[in-house]
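Everything on this sheet refers to the single structure shown next.
The values are calculated or read from the model by the stated rules, or taken from the named source; none is laboratory data. Since the structure is predicted, the reported quantities are computational estimates derived from the model, not experimental observations. Cβ coordinates were reconstructed from backbone atoms using ideal geometry, including for glycine residues, and neighbour counts include every protein chain displayed.
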Amino acid sequence: MKRLVARELTLSFVPNAEQRLCRTVMRRKYQLTRDHVRLQNQLESLLEETHIKLSSLVSDLLGASARRMLKALADGETNPATLAALADQQLRATPEQLCDALGACTDLKPVYRHLLKMALEQLQFLEQQIGQLDQEMASLLNRHQDAVERLAEVPGLGVDSAQQIIAEVGPTAATFPSEKNLSSWVGACPGDDESAGVNYSHRSPKGNRHMRRVLNQAANAAARAKGSIFEIVYRRSVPRMGHNQAIGAIAHRQCRLIWLILHQGVRYEERGPAVTKQSKQRRTARMIRQLRSLGYRVELPNPQHSSPAQAQ
């Protein structure tokens, strides 16, 4: 008690009830997404065990063409030509290649068909639950749609990442008085392990593991975004710092940028050299489609409504 009165203890960040609900929904969705990825890997292993090489010919094992073929296979179809005919015409693989990859289905045991059917049903059930959580999250953040849109404009981020960030730090990041405080809480800043004037480690603190995960994914995506300022920073930093530290530096920049966008209500404006009007329009159209698919009501933004924020 004496240390608390003397302000020697650091208080924990306890969000309000609305934010706690959003955080619970997003973390539950993340758990379901991990389960979905795990089941997809198990499905691919099952097909490899039965010598069905479908994953080597289709880019997405759970795409429309592959799902139709797998469902027919689980229902008892044994003719490779019939299964290959279920693929879309846009599929790069030829019917002959598909027949060769599906040739082992003629001798597929009923137990494998049953396991395949169970895996497909579990994947469909998880996808339905994830979709329901998406709709629920869009309903909860309907009042903060503008913040979601402003965050989704940042390279490396998207609608889903923006929702996760708002669920963790709030729609205005009001708890954090500066971008440095937010970076320290997230754990996206260099460490300060110093003794007697000697710095022994620059390793970042642990911070909030959910925000660190989102920022790490966003930083890797931003480093690959052609024409963005983050790609330039990555290319300049990686020869000297290595991949991991360069990604950490980008994550630190993005964390500070997130605070500016949420706390000051500004918009991001890309200043990269290869950014064109067409690329901005394509990115905006893609973001609008994502927002509308989740249930948001999207109106065309006014680019002169607020001052832009630059990457820090």
>> Condition check: modelled with pLDDT of 90 or more and more than 26 Å from Asn16 (Cβ to Cβ). Does Leu215 satisfy that?
In response: no
>> With the requirement that a residue be assigned to a loop (DSSP other than H, G, I, E, B) and not small (Gly, Ala, Ser), what does segment 172-188 give you?
In response: Thr172, Thr175, Phe176, Pro177
>> Here's a check for you: in segment 21-63, which residue that is surrounded by fewer than 12 Cβ atoms within 10 Å (Cβ to Cβ) and of a type outside the set (S, T, N, Q) is farthest from the chain's Cα centre (by Cα)?
In response: Glu49
>> over 33 Å from the mean Cα position of the chain (by Cα), assigned to a helix (DSSP H, G or I) and either surrounded by 14 or more Cβ atoms within 10 Å (Cβ to Cβ) or not β-branched (Val, Ile, Thr) (or both): which single residue out of Ala81, Ala72 fits that description?
In response: Ala81
> Take the residues of segment 211-241 that are among the small types (Gly, Ala, Ser) and crowded, with 18+ Cβ neighbours inside 10 Å: which is farthest from Glu269 (Cα to Cα)?
Replying inline: Ser237
> Going by the structure shown, is Val148 part of a helix (DSSP H, G or I), surrounded by 18 or more Cβ atoms within 10 Å (Cβ to Cβ) and under 16 Å from the mean Cα position of the chain (by Cα)?
Replying inline: yes
> In the set Asp88, Asp100, which member is of a type outside the set (Gly, Ala, Ser), touching a helix residue (DSSP H, G or I) at 6+ places or on another chain (Cβ under 9 Å), in the same structural domain as Ser55 (by TED's automatic domain parsing) and in a loop (DSSP other than H, G, I, E, B)?
Replying inline: Asp88
> Within the bounds of segment 66-78, is there any residue that is among the basic types (Lys, Arg) and free of Cβ contacts under 8 Å to residues at least 24 places away in the same chain?
Replying inline: yes
